[in-house]
Amino acid sequence: MNIPPAVLVLIAVALAGAAVALAAFVWAVRDGQLDPTNAGGSVIFKDDEEPR
Amino acid sequence: VSTALGDQPDSLLPLRRQMDEQAALPVLLYFGTGILWLLAGTVLGVGASLKFNAPDWLGSIPALTFGRIRPAHLNAVMYGWGSLAGAGCLVWLTSRLCLVPVQWRACLIASVALWNAGMVYGVGSILLGYSTGVEWLEFPLAAVALIALAFLLYAASILRTFSLRKVDHVYVSLWYILASVVWFPLLYVVANLPIYSGVVHGVVNWWYAHNALAVWFTPVGLALAYYFIPKIIGRPIYSYYLSLLGFWTFALFYNWNGVHHLVGGPVPNWLQTISIIASVMMVIPVLTVAVNHHLTTVGNFGMLRTSLALRFIVFGAMSYTAVSFQGSMESLRSVQETLHFTHYTIGHAHLGVYAFLTMMLFGAMYYITPRVARWDWPRPGWISAHFWLTAAGILIYVGATCWGGFLQGRALNNAAKPFTDVVELTRPYLMLRTVSGVLIGAGHLIFAALFAQVLRRMGPPQEGIGTP
């Protein structure tokens, strides 16, 4: 099969982009970022001020 | 200020003030120059629309012909307004979510300068006839290089601030921000490489154009929505856990969507089918966002009367749901048979980047600007006028182009109908579009005037928001 070189560049880039996402996901699971709890929703109030 | 709760609520006041002071200069530069591109882009857009009503108007000046001002409009509003205003918002938001003052401010200031230089060079090149002719990628390489460098400097500052974070939990908005600063520069550079030709170039073109929305403009809008809706209402996201599922399914499905722009074209069928499937799969992340934002807001709709920032933000969030479901439906082959190559697509695009992204940016800027400028908006009545002009304008715009486009598509599929009749049929809808563009433009002038008034500290002397 005749694959244009530009397509090989795209495949390499796509795999690199996906690898970054996979690494971030594995880190997030191990770090407890994705634990099934809603507690994380409250971090936006850590800098709390009067709502307006 | 002492409150019934003791000094606890104000214990972070010095940090908050330090964060806003550090963010002020870069954020106001991003906002101010972004607003200038909004005004330029609006003039170009209304001009392009008017040419449908008066085809000979300004037709003898090459720089002002339709083929040049339409791409100049797109690039001015997307890479100028949406990107600069969005970057400014995310710089401020990253600092707030990490509880760390903005880092590497020199990078951000250099970023604003390079970004604007690239924009002037790029839009100027299009108007002078040096466009590449590839939609969304019209800028010549020198302009691309300036903007890519500007984005990398912005990304470096965001990542540095994130690396020093004082908060253990990475909030969902921050996930969207991190994804955009890692993926968008990669996408932008790779899509602009001068190595593609033929069908591959077409695929790369729409892989890029749809992913510019997927990994940059939509994450900007959603990061802001996930912060400001619960923040202004004062209660956390309804199901925070669901929002994280939404982010990861968004990251998984959205980047496959681009080829749905080429359905029916000379592209392998399997590639088109994968793209249609991924477009329909987007229903999952979109539902998580829609359910969460609605159930967080429900019971508090009365706040839309008091918080003008929230009014823009909720309008934007509702538009996100609408444009996303519309987009999933539009990707289907049976639907494209009627709607492809009609004004419907233009309506869909504006529902996305205006009713969703731009309204979200307005809301966020109304919230952020007084805090970093230490000066409140002098004329709240003008903000309300800005909202109603732009909200009515964009609803008319989307209604006219979508309905007119649907009728146009039906007529085009009727082989017995002469083509000129189809053109005649669209005329009233295109006139409505120009009218809506003028309403939207009037809203933008009010917004720009308000922003200038805050910078010039007009109105009664005050201490600014968040100060005791």
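The values are calculated or read from the model by the stated rules, or taken from the named source; none is laboratory data. The structure presented is a predicted model; accordingly, all values stated were derived computationally and were not measured. No Cβ is skipped: glycine too gets one built from the backbone with ideal geometry, and neighbour counts run over all protein chains shown. What goes into the accessible areas is simple: the full protein's heavy atoms, side chains included, and nothing from ligands, DNA or RNA. Shrake-Rupley method; radii C 1.70, N 1.55, O 1.52, S 1.80 Å.
Sparse packing (at most 15 other Cβ atoms within 10 Å of the Cβ) combined with a DSSP loop state is found for the following chymotrypsin sites (Phe, Trp or Tyr not before Pro) in the range B:327-397: B:Phe341. If R₀ is 60 angstrom, what is the calculated FRET efficiency for the pair B:Phe419 and A:Val26, using the beta carbon separation as r and rounding to 0.05? The formula returns an efficiency of 0.60 here. Label sites at B:Glu337 and B:Ala54, each approximated as a point 7 angstrom past Cα along Cα to Cβ, lie 4.1 nm apart. For the protein assembly as shown, with all protein chains in place and a probe radius of 1.4 Å, 69% of the accessible heavy-atom surface sits on carbon or sulfur. Every Cα-Cα pair of the range B:112-251 was included, and the share exceeding 22 Å stands at 48 percent. Just report the Cα centroid separation between the range A:10-47 and the range B:151-197, whole Å. Measuring centre to centre over Cα atoms gives 13 Å.
Cross-link partners of B:Lys166 among lysines, defined as those whose alpha carbon lies under 17 angstrom from its own and excluding same-chain residues fewer than eight positions apart: A:Lys46.
Compared with the dominant principal axis of the Cα atoms in chain B, helix B:269-281 is inclined by about 40°.
Computed from Cα atoms alone, the Kirkwood hydrodynamic radius reported for the range B:260-378 is 16.3 Å.
Considering only DSSP states other than H, G, I, E and B, which trypsin sites (Lys or Arg not before Pro) in the range B:163-269 qualify as loop sites with at most 11 other Cβ atoms within 10 Å? Answer by residue number: B:Lys166.
For the pair B:Ala142 and B:Ala392, the difference between a 0.36 nm per residue extended length and the Cα-Cα distance amounts to 86.1 nm.
For chain B, the longest principal axis of the C-alpha atoms and the axis of helix B:359-373 are separated by about 30°.
Spatial offset of the range B:29-80 relative to the range B:248-310 amounts to 28 Å, using the alpha carbon center of each. So how tilted is helix B:308-330 from the main axis of chain B? Cα-based, degrees 0 to 90, rounded to 10. The angle comes out at about 30 degrees.
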